[in-house]
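The values are calculated or read from the model by the stated rules, or taken from the named source; none is laboratory data. Since the structure is predicted, the reported quantities are computational estimates derived from the model, not experimental observations. Cβ coordinates were reconstructed from backbone atoms using ideal geometry, including for glycine residues, and neighbour counts include every protein chain displayed. With ligands, DNA and RNA removed, areas are computed over all heavy atoms of the protein, side chains included. Shrake-Rupley method; radii C 1.70, N 1.55, O 1.52, S 1.80 Å.
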Amino acid sequence: TLLETGAGNSTICMLLLQPNRLVSVAPDAALFERIRAYCAGHSIPAAALDARINGSEWVLPQLALELRDHPPCFDFALIDGCHNWPMVFVDFCYANHMLKPGGLIMVDDVNLHSVKELARMLSEHPDFTLELDLGKSLIFRRTSDARAMEEWTGIPYISRMTNLYSRAPNPFSLAAGVAAQTSTTR
């Protein structure tokens with residue numbers, strides 16, 4: 001059973017694997033029509049496609065609610081939907097909740113800052129191991145049965161970065177703003 005945020009070529013590739021179910025989340029109904037037409041024209045079975053047409057911030061909480069009384073069901077999750085803040089983390093939060101222990105999570109477009117921060121967090125997290133580096137995509141395996149991330153103090157990357165930021169001057173403080181204005185008016 002597979003999950004993806006975003007749809008397109010990845011959807012077709014996953015359908016080639018003939019999964020029991022592929023939940024694909026994207027806000028573009030016409031995109032799913034094109035995917036189904038392509039599959040039909042190339043003899044690719046598409047009956048497993050469960051197209052969820054809306055933003056992942058709406059679909060994934062509903063899907064998690066539908067599955068809340070069931071054990072995690074996804075063997076693989078691809079995060080390749082909306083790449084802005086905080087969406088990549090929202091997608092990860094829900095995908096992780098529904099991912100089986102030992103399941104794989106692929107993070108695409110790590111060249112983008114928001115996605116890179118998620119990848120950095122996962123690369124240092126004790127519940128995940130990096131299985132494959134594909135350049136702009138990374139695949140991690142969840143090595144525990146934890147369905148949610150612990151508080152920030154239990155996440156090595158967040159804790160390390162917090163310690164680093166704690167020693168730096170606060171660029172948002174009133175004093176920093178006055179100092180910046182003074183230096184630009186001289």
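Here the range 124-170 has 56 percent of its accessible surface on carbon and sulfur atoms, given a 1.4 Å probe and all protein chains in place. Cβ-Cβ distance of Met161 and Arg34, R₀ of 45 Å, FRET efficiency by 1/(1 + (r/R0)^6): the value works out to about 0.65.
In the range 96-169, the C-alpha radius of gyration followed by the widest Cα-Cα span (Dmax) gives 13.0, 42 angstrom.
Sparsely packed loop sites in the range 11-54 (the trypsin sites (Lys or Arg not before Pro) outside DSSP H, G, I, E and B with at most 15 other Cβ atoms within 10 Å) comprise Arg21. Judged by the mean number of other Cβ atoms found within 10 Å, the most tightly packed of the peptides 87-96, 69-78, 152-161, 114-123 leads the ranking 87-96, 114-123, 69-78, 152-161. Accessible area per residue for the chain, computed on protein heavy atoms with a 1.4 Å probe, is 55 Å².
With one equal scatterer per alpha carbon and no solvent term, the Debye-computed log10 I(q)/I(0) for the range 6-143 at 0.15, 0.21 1/Å reads -0.74, -1.39.
Among complete DSSP H helices in the chain, those whose alpha-carbon atoms stretch at least 15 Å along the helix's long axis and whose mean Kyte-Doolittle hydropathy reaches 0.0 are 29-41, 87-98, 174-185. Label reach from Ser173 (point 7 Å along Cα→C-beta): in the range 134-163, amide nitrogens under 19 Å belong to 162-163. Per q in 0.27 Å⁻¹, report the Debye log10 I(q)/I(0) for the range 4-84, using one uniform scatterer on each alpha carbon and no solvent. Each listed q corresponds, in turn, to -1.42. Full extension of the chain between Leu112 and Glu124 gives 2.5 nm of extra length, using 0.36 nm per residue less the Cα-Cα distance.
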